[in-house]
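One structure is given here, and the rest of the page talks about it.
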Amino acid sequence: MANRYFIRRAFAHLIDFILVSIVFAFITVALNSVFDVQFIAPGFYKSTACVPQQIVSAERMQELLPTSAGQVLHQSICRTTNMGLTTHNTVVLRRSGIADNGNTTTTIEYLVDESGKQTVAYSMEPFLVLLAPLIFAGLITMRGKTFGKQALGLVIFDSHLEKPKLLAALKREYLKALFFVLGGLIGIYGMFQNSNENLDQLAADLDSLAASIGGAGFWLIMGVGLAVLLGLFWYTFGSFIRWRGRTYWDKWSNLDVGTNNDLLDLISARDRNG
C-alpha cells in the first residue's frame, strides 16, 4: 500500500499506551490494598513537589557525599503522585559546586515511608512494557485492531486479509516493542537487585559509576548510547520509509496495517480476480 499512515499509527499507539497505563494504575492500587510491599503506578502522568527537609544528619551526609572546597550539600524530600492514584516519597541528597572538572552535581535518591525511613517499593513500569504487547496481541487476535487503532480508523490483517492469528500478533507486538522490552527486563533486574541496598551501598555504587565514566569510559558510554539511539531510530522509522508503510515488525510477522477502506478494496480485488 502506498499510504504509510505514520501519524495515525503513532497516535493510535499513544492512545493504546495511555489506556494500558490507566489499567495498570488501577491494578497498582489493588495490589497496594492487598500486599504490605508498596507498588508504584506507571509514571506516564505524574506530579512532584519537593521541599527542603533534613532527613539525614550533617555528619552522615559528609560520610555519604564527602565535600571539598567550593562544594555544598543539600537534602530534600519529594512527594510524587503517579496517574493521580499512587503516591511515594523520595529523599534527595545532593552535592553541588566546583570540582576539578568544573561545576558538578552528585545525587543520591532513595524511597522512604511517611516517617522518612528507607523503604522498598516496586515500580509497575517495567511490568507494563513487558505485558502491554501481550494485551495488544490479544486485542488484535480477537478484534483485528486495538482501541487506539479503532479510534484512528486502522485495522491489522494477515496475507489472507483476515484477523491475525495469536502467534503472528504476539510476534508483531513484541518485535515492535523490542527495545522497550529489553529495557523492561533490565529495569526489573535492577529493581530487585537494588531493592535492599542501604545508603552506604548506594553511595558506593555512585562512586563506582563516577569512576567508570571518567576518561575513556565516558566516551565508550556515549558511543554505545548513541549507537542504541540510532538503532532505535532506524528500527522505528527507517522501515517506514524503506517499505512504504510496512515496518520491520509488520514484515517479519507477515501482517499489514491499513484503513478499513484499504482492507475492503483488497478483499474486492481478491474476489474479482477469483
Residue, farthest from Lys149 (Cα to Cα), within segment 32-50, restricted to residues that are without any contact (Cβ under 8 Å) to a residue 40 or more places away in the chain and touching a strand residue (DSSP E or B) at 6+ places or on another chain (Cβ under 9 Å): Ala49
Which numbered condition Asp16 misses (of (1) at pLDDT 95 or above; (2) open to solvent by 40 Å² or more (accessible area, probe 1.4 Å); (3) not small (Gly, Ala, Ser)): (2)
Restricting segment 140-150 to residues that are more than 15 Å from Asp250 (Cβ to Cβ) and touching a residue at least 60 places away in the same chain (Cβ under 8 Å), the residue that is least open to solvent (accessible area, probe 1.4 Å): Gly148
Residue tally, condition assigned to a helix (DSSP H, G or I) and surrounded by 17 or more Cβ atoms within 10 Å (Cβ to Cβ), over segment 151-177: 9
Conditions (1) more than 21 Å from Leu199 (Cβ to Cβ); (2) of a type in the set (S, T, N, Q); (3) in contact (Cβ under 8 Å) with a residue 40 or more places away in the chain; (4) open to solvent by 50 Å² or more (accessible area, probe 1.4 Å): number failed by Asn103: (3)
Options Ser33, Ser57: the member that is over 30 Å from Thr106 (Cα atoms) and either surrounded by fewer than 16 Cβ atoms within 10 Å (Cβ to Cβ) or over 23 Å from the mean Cα position of the chain (by Cα) (or both): Ser33
Failed criterion for Ala132 (all others in (1) at pLDDT below 90; (2) within 30 Å of Tyr174 (Cβ to Cβ); (3) open to solvent by less than 30 Å² (accessible area, probe 1.4 Å); (4) of a type in the set (A, V, I, L, M, F, W, C) hold): (1)
Leu255 in contact with a strand residue (DSSP E or B) (Cβ under 6 Å, 6 or more places away or on another chain), surrounded by 13 or more Cβ atoms within 10 Å (Cβ to Cβ) and at pLDDT 85 or above: yes
Test: residue in segment 234-243 that is modelled with pLDDT under 90, open to solvent by 30 Å² or more (accessible area, probe 1.4 Å) and within 17 Å of the chain's Cα centre (by Cα): yes
Residues located in segment 66-84, provided they are closer than 28 Å to Val37 by Cβ and surrounded by 15 or more Cβ atoms within 10 Å (Cβ to Cβ): Gln75, Ser76, Ile77, Cys78, Thr80, Thr81, Asn82, Met83
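The values are calculated or read from the model by the stated rules, or taken from the named source; none is laboratory data. Predicted model, so just to flag it, every value in this text is computed and none were measured. A quick note on method: Cβ atoms are made from the backbone with ideal geometry, for glycine too, and the neighbour counts reach across all protein chains shown. Surface areas here come from the heavy atoms of the whole protein model, side chains and all, with no ligands, DNA or RNA. Shrake-Rupley method; radii C 1.70, N 1.55, O 1.52, S 1.80 Å.
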